[in-house]
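Participant: Can you keep this structure in mind? I'll have questions shortly.
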């Protein structure tokens, strides 16, 4: 549904996006990650026809975004980071107006309007002036205009930025539901948001794609240390930590200071520990054997994958990691 082939975008002598190639297939929900200024918004503006590429080819739903721009745009719903809303219109009037701009006839608008308002849960506000809506409900109005013409492709740029935590959760749930009906490209620098919604992640940094994979696969590919979560009974923390640090494959052992884990461990009368070990050296088996041989009680031993935050930091810094 979306295909970029060696796309670059320059602003004068300054490159914003450099030789970017990727494809989003029908029905995929793809996260587009990168730090501020990495090239996310520029790429999305090229994808939606707001600005032409300097080099390369971009197609949406099979249409070239330059030579068949109007045909391509008919298949795109776009939620920009700052939604251009008309504050002196009611929600219904605004959506009807956006439908007419997109070439929808009156019957089509009437058929879609109630459905879209119901999907984004704006029923109680359909006759409210947009200017009187909260930031979260304005965002819902922006999503409503993006899906009004029932596009095949939804492109969303930072859809939860600037709204309160409760509305973030609600908006995230709404986006997940939309992903069942549309191909979706979601731009964000909020990593937990992407990991909760998306099955595939593109990471862009300094205008270049530096990763394209599932979060779990990225974690395995970048793994330079194996992290293990431990629960131990009938032992002193310092004694366990020293014994684990003596193992040749253990890089470090320490108390697990995550508040939720500490509280649970205390209520269960055990220690909560984290161990970093060299990968592929049988660390889990050796740790378990050590704890049993010492006569302690092993209650938990869980390998932990890298978090998306850790993956992101590795991909967007200049550090080199061992294979």
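The values are calculated or read from the model by the stated rules, or taken from the named source; none is laboratory data. Here the structure is a predicted model, which is why all the values come from computation and not from measurement. With ideal geometry, Cβ positions are generated from the backbone for all residues, glycine too; neighbour counts draw on all protein chains shown.
Participant: Could we say that residue 110 is touching a strand residue (DSSP E or B) at 6+ places or on another chain (Cβ under 6 Å), loosely packed, with under 14 Cβ neighbours inside 10 Å, without any contact (Cβ under 8 Å) to a residue 60 or more places away in the chain and not in a loop (DSSP other than H, G, I, E, B) here?
Facilitator: Numbers: touching a strand residue (DSSP E or B) at 6+ places or on another chain (Cβ under 6 Å): no; loosely packed, with under 14 Cβ neighbours inside 10 Å: yes; without any contact (Cβ under 8 Å) to a residue 60 or more places away in the chain: yes; not in a loop (DSSP other than H, G, I, E, B): yes.
Spelling it out, it is not the case that residue 110 is touching a strand residue (DSSP E or B) at 6+ places or on another chain (Cβ under 6 Å), loosely packed, with under 14 Cβ neighbours inside 10 Å, without any contact (Cβ under 8 Å) to a residue 60 or more places away in the chain and not in a loop (DSSP other than H, G, I, E, B).
Participant: Sticking with this one: Hey, residue 268 hits all of (1) over 19 Å from residue 226 (Cβ atoms); (2) modelled with pLDDT under 85 but one; which does it fall short on?
Facilitator: (2)
Rundown of residues vs (1) surrounded by fewer than 18 Cβ atoms within 10 Å (Cβ to Cβ); (2) part of a helix (DSSP H, G or I), yes/no style:
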| position | (1), (2) |
| --- | --- |
| 248 | yes, no |
| 260 | yes, yes |
| 264 | yes, yes |
| 273 | no, no |
| 279 | yes, no |
| 284 | yes, yes |
| 295 | yes, no |
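Participant: Being modelled with pLDDT of 95 or more and either outside any loop (DSSP other than H, G, I, E, B) or surrounded by fewer than 19 Cβ atoms within 10 Å (Cβ to Cβ) (or both) is the requirement here; does residue 290 meet it?
Facilitator: Considered against the rule, which asks whether it is modelled with pLDDT of 95 or more and either outside any loop (DSSP other than H, G, I, E, B) or surrounded by fewer than 19 Cβ atoms within 10 Å (Cβ to Cβ) (or both), residue 290 comes out as yes.
Participant: Quick check on segment 57-64. Is at least one of its residues assigned to a strand (DSSP E or B), loosely packed, with under 15 Cβ neighbours inside 10 Å and in contact with a helix residue (DSSP H, G or I) (Cβ under 8 Å, 6 or more places away or on another chain)?
Facilitator: yes
Participant: May I pose another question? Within segment 73-85, identify whether any single residue is assigned to a helix (DSSP H, G or I), under 17 Å from residue 151 (Cα atoms) and within 30 Å of the chain's Cα centre (by Cα), and answer yes or no.
Facilitator: Checking segment 73-85: at least one residue is assigned to a helix (DSSP H, G or I), under 17 Å from residue 151 (Cα atoms) and within 30 Å of the chain's Cα centre (by Cα).
Participant: Hey, can you tell me all the residues within segment 174-215 that are part of a helix (DSSP H, G or I) and either crowded, with 16+ Cβ neighbours inside 10 Å or more than 13 Å from the chain's Cα centre (by Cα) (or both)?
Facilitator: Hits for segment 174-215 are 174, 175, 177, 178, 191, 193, 194, 195, 197, 215.
Participant: I would also like to ask the following. If the requirement is being surrounded by 15 or more Cβ atoms within 10 Å (Cβ to Cβ), touching a residue at least 60 places away in the same chain (Cβ under 8 Å), touching a helix residue (DSSP H, G or I) at 6+ places or on another chain (Cβ under 8 Å) and on the phi < 0 side of the Ramachandran plot, which of these qualifies: 99, 77? Steps first, please.
Facilitator: Numbers: 99 fails: touching a residue at least 60 places away in the same chain (Cβ under 8 Å).
One residue alone meets the criteria, 77.
Participant: Looking at segment 1-48, which of its residues are assigned to a loop (DSSP other than H, G, I, E, B) and under 14 Å from residue 209 (Cα atoms)?
Facilitator: 34, 35, 37, 38, 39
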